[in-house]
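Structure below; questions to follow.
The values are calculated or read from the model by the stated rules, or taken from the named source; none is laboratory data. Note that this is a predicted model, so its numbers are computed, not measured. We place every Cβ from the backbone using ideal geometry, glycine too, and count neighbours over all the protein chains shown.
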Amino acid sequence: MLDADQMLTLAQTALRACPADAAEVAVQVDTTALTRFANNQIHQNVASETIEVRARAVVGERVGCASARGLDDQALLRVAQQAAAAARLAQARPDLPALPAPAPLPVVDGYVAATAECTPEERAALVSVVCERARARGLVAAGAAQTQVHALAVVNTRGVAAYACAASADLHAVVMAGEPTISGYAARAAADVRTLDATALAEEAIGRAERAHAPADLPEGDYEVVLEPYATADIVEMLAYLGFSARAYQEGTSFLCGRLGQQIVSEHVSIWDDALDPHGLPFPCDYEGVPKRRVALIERGVAHDVVYDTETGARAGRASTGHALPAPSTFGPMPLHLFMGTGDVASVEQFVAGVDRGVLVTRFWYTRPVHPRQVIVTGMTRDGTFLIEQGRVVGPVRNARYTQSYLAALSDMRGITRDAALLKGDMFGAHNVPALHLARWHFQVAT
């Protein structure tokens with residue numbers, strides 16, 4: 001793993017070699033170790049270190065980007081020259097903003113040595129807890145334990161010289177009971193691998209799998225739903241993907257267009273992005289070296305704001321909020337550290353007790369947008385779906401398809417748990433989210 005001085009030196013070397021009016025160089029290093037298991041045994045243990053250099057060059061009113069994986073002097077020279085060459089061929093952009101100016105980074109403690117130095121034996125110990133407990137109950141477990149260190153150095157010709165490094169760990173498991181339709185899921189994420197509770201995770205997934213025996217069909221219709229945090233994470237991530245980016249807002253594709261300042265969901269719903277919160281996976285800057293800021297996206301049900309990078313911020317007369325992705329980004333800025341406000345309900349079981357007829361959903365999968373401006377999404381339930389009648393879970397049901405507006409569902413909120421779970425996103429980032437009780441969700445029979 002390269003240290004801060006080495007990464008900044010490499011970035012400065014490429015920057016000095018860039019024949020442009022202005023330039024930016026980002027060096028990203030990701031060290032990942034993965035222990036994967038299936039059929040109650042480890043079948044793969046791998047480790048990799050990926051190093052990428054990205055250069056962005058400005059020549060007059062034109063900008064170009066290039067990237068490379070090599071770190072020798074020739075590779076650094078080549079990526080710098082390729083970015084400048086691409087800029088000279090690009091279309092002129094009179095509205096092209098200046099690169100960011102330097103600003104002090106907030107102090108966050110995202111690096112955890114225990115995670116960075118986690119050994120294969122330590123990851124295997126987490127996995128063995130899950131496998132042994134599943135085996136003892138006649139079940140089959142599959143999943144992975146992963147540790148990662150993400151380091152970023154960004155320099156530019158205006159004097160930015162930013163460096164950040166953070167660690168993360170996650171463990172997830174699917175426990176099956178001999179049939180593909182019978183499964184239970186659980187996951188955990190943390191900056192400190194030592195805080196991952198493999199025993200609790202195993203019992204959670206096993207419990208769902210054991211309750212999922214002999215599922216029945218779920219009749220099509222509208223149901224109250226109790227969503228585990230895994231399902232909530234999909235909702236929050238889809239909202240980010242479809243509308244929390246300033247580029248989507250400026251291009252007219254965001255569901256927030258024309259709605260800022262308006263009530264769009266229940267007053268009990270608040271969603272924000274905060275990369276500095278220690279309850280998440282803290283990281284102090286974005287891929288332009290700009291300090292990250294907390295951004296309130298939805299406050300008490302009211303559409304409040306979107307996130308910005310330098311370009312979208314200049315277009316709107318706003319400062320960047322520190323949410324730039326690696327250049328060039330077709331998505332524009334993106335929130336990667338989402339939080340959803342919690343409530344006062346003690347547990348999912350308390351939700352269930354208040355439902356006359358509904359569905360308990362562990363998680364969604366294969367979710368795809370149907371109507372982005374209304375956040376209508378289609379997907380399926382997975383790894384534990386149960387029918388609720390008269391305040392108790394009466395049995396499992398087969399996975400059901402849905403086509404549902406997430407905004408409409410969040411507009412009739414019945415309850416939110418007071419505890420939240422930190423989960424790695426399926427598309428990006430990590431999210432800290434609670435369980436939800438919603439008044440209406442429309443299910444169809446899976447096809």
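Residue check: is Leu34 under 28 Å from the mean Cα position of the chain (by Cα), at pLDDT 95 or above and assigned to a loop (DSSP other than H, G, I, E, B)?
No: the conditions fail for Leu34.
Can you run down the residue pairs with Cβ atoms below 6 Å, 6 or more apart or on separate chains, where the first is in the range 1-17 and assigned by TED's automatic domain parsing to the domain that holds Arg78 and among the β-branched types (Val, Ile, Thr) and the partner is at pLDDT below 95 and buried (at least 19 other Cβ atoms within 10 Å of the Cβ)?
What qualifies is Thr13/Leu76.
If a residue counts only when it is within 28 Å of Val302 (Cβ to Cβ), which strands (runs of 3 or more DSSP E) contained entirely in the range 342-447 have at least 2 such residues?
357-371, 376-389, 400-405, 413-424, 430-445
So Ala55 passes all but one of these: (1) crowded, with 16+ Cβ neighbours inside 10 Å; (2) under 30 Å from Val175 (Cα atoms). Which condition number does it fail?
Only one criterion is unmet by Ala55, namely (2).
Using the structure shown, decide if Thr147 is at pLDDT 95 or above, surrounded by fewer than 16 Cβ atoms within 10 Å (Cβ to Cβ) and of a type in the set (S, T, N, Q).
Taking the combined requirement at face value, the residue does not satisfy it.
A further question follows. Six or more apart or on different chains, Cβ under 6 Å: which pairs go from a residue in the range 58-81 that's within 19 Å of Val29 (Cβ to Cβ) to one that's surrounded by fewer than 19 Cβ atoms within 10 Å (Cβ to Cβ) and of a type in the set (S, T, N, Q)? Could you list them?
Ala66/Gln82; Leu76/Thr13
Follow-up question, since we're still on this one. Just give me the residues in the range 293-326 being under 27 Å from Val58 (Cα atoms), out of contact with any Phe, Trp or Tyr (no Cβ under 7 Å at 6 or more places or on another chain) and crowded, with 16+ Cβ neighbours inside 10 Å, in sequence order.
Within the range 293-326, Arg293, Tyr308, Asp309, Thr310, Glu311, Thr312, Gly313, Ala314, Gly322 qualify.
Suppose we keep only residues that are exposed (fewer than 15 other Cβ atoms within 10 Å of the Cβ) and either of a type outside the set (D, E, K, R) or without any contact (Cβ under 8 Å) to a residue 24 or more places away in the chain (or both) within the range 107-124. Which one would you say is farthest from Tyr163 (Cα to Cα)?
Here the residue is Glu121.
Would you pick out the residues in the range 205-247 that are of a type in the set (A, V, I, L, M), assigned to a helix (DSSP H, G or I) and within 28 Å of Arg259 (Cα to Cα)?
Those that are of a type in the set (A, V, I, L, M), assigned to a helix (DSSP H, G or I) and within 28 Å of Arg259 (Cα to Cα): Ala231, Ala233, Ile235, Val236, Met238, Leu239, Ala240, Leu242, Ala246.
Then there's this: I'd like to know if the range 55-67 contains one or more residues that are touching an Asp or Glu at 6+ places or on another chain (Cβ under 9 Å) and within 30 Å of Leu201 (Cα to Cα).
No, that holds for no residue.
Those residues that are acidic (Asp, Glu) and either farther than 22 Å from Met238 by Cβ or surrounded by 23 or more Cβ atoms within 10 Å (Cβ to Cβ) (or both), I need them from the range 270-292; list them, please.
Once the filter is applied, which keeps residues that are acidic (Asp, Glu) and either farther than 22 Å from Met238 by Cβ or surrounded by 23 or more Cβ atoms within 10 Å (Cβ to Cβ) (or both), the range 270-292 yields Asp273, Asp286, Glu288.
Among the residues in the range 73-93, are any within 30 Å of Thr147 (Cα to Cα) and either in a loop (DSSP other than H, G, I, E, B) or among the small types (Gly, Ala, Ser) (or both)?
yes
Would you call Arg158 at pLDDT 95 or above, under 26 Å from the mean Cα position of the chain (by Cα) and not assigned by TED's automatic domain parsing to the domain that holds Ala231?
For Arg158, the condition - at pLDDT 95 or above, under 26 Å from the mean Cα position of the chain (by Cα) and not assigned by TED's automatic domain parsing to the domain that holds Ala231 - is not met.
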